[in-house]
Amino acid sequence: MSTLMGKKPAPRPSSEKKKFGAAALDRIERVGNRLPEPFALFLYLFLAVGLISTVVSWFNVNTTLPGAEGPTAIKGLFTGEGITWLMTTAVQNFIGFPPLGVVVTLLLAVGVAERTGLLLVLVKSTLGRAPAWALPYVMALVALCAHIMSDASILVIPPIAALVFRAAGRNPVAGLLGSYAVGIAAFSCTPFVTSTDALLAGISNAAAVPVAGLVLPVTAVSNLLLNIVLAGVLTVAGGLVIDKLLEPRLNRTGVGVNATAAEEASTDVTAAEKSALRWAGIALLVVVGLILALALPAGAPLRNETGGFLPKSPLLSSVIFIVFCVVLAPAIVFGARLRLITNIQSVVEMMGQAVKDAVSFIVVAFILAQFLALFTWSGLASWVAVSGAQTLKDVNFTGYGAIIAFIVVVSILNLLISSGSSLWTLIAAVFIPMFALIGYEAGFVQAAFRVGDSATQALTPLNPYLVIILGFLRKYEPEAGIGSIIARMLPFTVVFWVLWVLVLTLFFITGTGTGPGMDIMVG
């Protein structure tokens, strides 16, 4: 009526005014996208670390690592020693860069699975049948449970999640980035025992040697109960953030909205595809059967010297190769049944296309590997970690506030040292004895470390897998940059960090141990 009388309608807040926090995230995205391309960014960081290390070395700065016989001096890149180090180790730094082998190996298998159509058909036959409203929660759970594959989960799950969302008529970018966020910001928070649990436990026990008579031994299940509770909490939280924050924001800005082709959005599976999928399932069972045959019998080759699997064993060391076989064998059988693979050359061509898609990552990996190697070789990584630990120690907290401060320090250090095992190796030897002396069990301190080590992982540009995710994202959003990912990861980091701390605090208040045989306080 007011319009007919010539009055202008009141402005609609939903269209005229952005929701709370949306403007801030948009600013973060714009600023982040002004950062140089990943290769240039890491080149500048490499030069900056080289310059800083050189200047610091002039003042004979050194740091003493816990357990070391003497102090370790900071070494500069722009010195005779530094230039010699770079020239003699650059190739090995690149070839020995752990994510490089993981990414290329898995992309060979995933490339075949994608190009034969196995991934899309599998999605349509299983997760694609789930109600559209439940997809964010289902994918959050899948991303958490997939941590049993270790780093492989970060590469395998996001592109599948995008296909799931697209097949259900939802925004594929929400599936891609949402599953990545849950996978990286809640890393190792799974109801299953993983190789990460065993690795961290080994580091914790080595660090606890000076107080071995005071604290309980840390095992691979010392944080299992905490992880089970968190898996449920973060599944719901991750689904909510995807459903209520990430996807609406993407739809509002138009990202990924027009990426759904009608034929790809269909959930129909042809009779030929169903038959091929059954044969792929048989191939999967054969591969799994062979792995079990190599692992289960007494004296099996995939067992360790004691006949078990923890903390180390050939089985745990073979996770990436096992995932490679589990993906590749069914993909080849599926493609062969549909006549998409007619000979070995067909497989080689599909793998070649997958590697071609990964060229940008391989290029960036070269300079990223040099940067991380320099950060470690120069001694700056150790100096930063030990200085941070010493600062917290000097605060002289003795209550639960010390644990919160510790989590904050780890969250900050995690932005600089993205490898969880490397960071824990550097600081565990300081913090475990320190906290033991004020009454905290080593397993509980390890649990607190995992909060900071995971939650902020999604925000650091130094995360080597960010380049891969950026490549996936640019299929839907060609103009996307690092800022696009960081701005969309921020809500997950904040929500997960707060919830993780709250759950850990609840365990502390109730005195509930974080896992079988592990208490909160030294008894």
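The values are calculated or read from the model by the stated rules, or taken from the named source; none is laboratory data. Just so you know, these numbers come straight off a predicted model, no measurement behind them. All Cβ positions, glycine included, derive from the backbone under ideal geometry; neighbour counts span all protein chains shown. Heavy atoms of the whole protein, side chains included, go into the accessibility calculation; ligands, DNA and RNA do not. Shrake-Rupley method; radii C 1.70, N 1.55, O 1.52, S 1.80 Å.
If you go through segment 94-125 one residue at a time, how many are over 30 Å from Ser275 (Cβ atoms), of a type in the set (Val, Ile, Thr), surrounded by fewer than 19 Cβ atoms within 10 Å (Cβ to Cβ) and in contact with a helix residue (DSSP H, G or I) (Cβ under 6 Å, 6 or more places away or on another chain)?
0
Among the residues of segment 220-234, write down those that are open to solvent by 20 Å² or more (accessible area, probe 1.4 Å), assigned to a helix (DSSP H, G or I) and touching a residue at least 40 places away in the same chain (Cβ under 8 Å).
Leu224, Leu225, Val229, Val233
Could you please find all residues in segment 179-199 being open to solvent by less than 10 Å² (accessible area, probe 1.4 Å) and over 12 Å from the mean Cα position of the chain (by Cα)?
Of everything in segment 179-199, those that are open to solvent by less than 10 Å² (accessible area, probe 1.4 Å) and over 12 Å from the mean Cα position of the chain (by Cα) turn out to be Thr190, Thr194, Asp197, Ala198.
When segment 362-387 is examined, which residues are found to be among the hydroxyl-bearing types (Ser, Thr, Tyr) and open to solvent by 10 Å² or more (accessible area, probe 1.4 Å)?
Thr376, Ser382, Ser387
Between residues in segment 95-108 that are under 20 Å from Ile160 (Cβ atoms) and in a helix (DSSP H, G or I) and residues that are among the acidic types (Asp, Glu) and open to solvent by 40 Å² or more (accessible area, probe 1.4 Å), which pairs lie under 6 Å by C-beta distance while being six or more apart or on different chains?
Val102/Asp151
Would you please list the contacts, defined by Cβ atoms under 7 Å and residues six or more apart or on different chains, that run from a residue in segment 138-158 that is on the phi > 0 side of the Ramachandran plot to a residue that is hydrophobic (A, V, I, L, M, F, W, C) and modelled with pLDDT of 75 or more?
Partner pairs satisfying both residue conditions: Ser150/Val319.
The conditions are (1) under 21 Å from the mean Cα position of the chain (by Cα); (2) among the acidic types (Asp, Glu); (3) modelled with pLDDT of 80 or more, and Glu349 fails exactly one of them. Which is it?
(1)
Out of segment 34-93, which residues are surrounded by fewer than 15 Cβ atoms within 10 Å (Cβ to Cβ), closer than 30 Å to Glu479 by Cβ and modelled with pLDDT of 90 or more?
Within segment 34-93, Leu47, Ala48 qualify.
Among the residues of segment 446-462, how many are under 9 Å from the mean Cα position of the chain (by Cα) and either under 16 Å from Val409 (Cβ atoms) or surrounded by fewer than 24 Cβ atoms within 10 Å (Cβ to Cβ) (or both)?
Matching residues across segment 446-462 total 2.
I'd like the full set of residues that are of a type in the set (Val, Ile, Thr) and open to solvent by less than 80 Å² (accessible area, probe 1.4 Å), limited to segment 269-297.
Val269, Thr270, Val287, Val288, Ile291
Scan segment 352-380 residue by residue and report those that are within 21 Å of the chain's Cα centre (by Cα) and assigned to a loop (DSSP other than H, G, I, E, B).
Ala358
What is the residue count in segment 481-523 for residues that are within 18 Å of the chain's Cα centre (by Cα), open to solvent by 50 Å² or more (accessible area, probe 1.4 Å) and aromatic (Phe, Trp, Tyr)?
Result for segment 481-523: 1.
Taking segment 468-480 as the search range and keeping residues that are at pLDDT 85 or above and of a type in the set (D, E, K, R), which one is surrounded by the most Cβ atoms within 10 Å (Cβ to Cβ)?
Glu477
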